[in-house]
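Read through the structure below, which is laid out as C-alpha cells, and then see the notes.
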Amino acid sequence: MECAVCGLTLVRGACPLHGIGAREAEPIESVGRRPVASVRRITDLTLVAGASTTMNFLSSAEVNDTDGMWIPTTSTSQLTAKTSGYYLLCGNASFAANATGTRSVWVNVAGVTVARAQMQGHAGNNNILEASGVALVQAGDAITLMVLSISTALACQTYASYAPKLSAALLRYP
C-alpha cells in the first residue's frame, strides 16, 4: 500500500515520512484552514537552578493562532489543542551564557514529553536550544514548553529571534 499524501510505500502500515497509516484521508491543504499556533515570550524569565520550569508566556506574549489554541484567560503557559491530529511541535529557548552545567528544553503533550534537547552550557554566547517532534494530539490536550538549567540560576532570555517560543502546526488529521 502507498501513503495517501506522498505515495511512498508503507512500512508496517505507516508512511516513513509522515508516520501515518494507510488511511485515505485528504491532505490538510485540500480541506481548508490549517490549525497553527505559536506563542513567544517577550520578557526574560529567571530560572531556579535545578528546577524544571513550565514556560509562562504571559498575557502580553506575541501570538499567531488560527485555531483558538492560545487562551490567556485560562492559562498563559500552554497551547490547548482544539483539533485532534498529528502536529509538528516546536519549542525553543535561549539561556544566558554560562559554562557551568547543562541546559534542557522539552515539549510536553498532556504531561508526556514528545521532544527534548539538551546541551552542556558554554560561556561567550547565549546557549540556544530547540526541540521539535511530531505527535498525535487529542482535542483538549495541553501543549507546554519546559526549561531546565542545571547550574546557577540563569535567565531564559529574549535574545533576538530565540526568545522562548512554543508552536504547534497540524500536519494531518488522525
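Summary of computed values
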{"quantity": "Of all residues in segment 45-69 being hydrophobic (A, V, I, L, M, F, W, C) and out of contact with any strand residue (DSSP E or B) (no Cβ under 8 Å at 6 or more places or on another chain), the one that is nearest to THR102 (Cα to Cα)", "calculated": "VAL48"}
{"quantity": "Qualifying position, being surrounded by fewer than 19 Cβ atoms within 10 Å (Cβ to Cβ), on the phi < 0 side of the Ramachandran plot and aliphatic (A, V, I, L, M), among LEU170, LEU145, LEU166, LEU136", "calculated": "LEU136"}
{"quantity": "Residues within segment 110-147 that are of a type outside the set (Gly, Ala, Ser), closer than 23 Å to ALA49 by Cβ and part of a strand (DSSP E or B), tallied", "calculated": "13"}
{"quantity": "Set VAL39, VAL107: member being over 22 Å from ILE150 (Cβ atoms), assigned to a strand (DSSP E or B) and at pLDDT 90 or above", "calculated": "VAL39"}
{"quantity": "Flag if LEU154 is in contact (Cβ under 8 Å) with a residue 24 or more places away in the chain and either in contact with a Leu (Cβ under 6 Å, 6 or more places away or on another chain) or more than 19 Å from GLY85 (Cβ to Cβ) (or both)", "calculated": "yes"}
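The values are calculated or read from the model by the stated rules, or taken from the named source; none is laboratory data. Because the structure is a prediction, the values reported are computed rather than measured. So basically every Cβ, Gly included, is an ideal-geometry build from the backbone, and we count neighbours across all protein chains shown.
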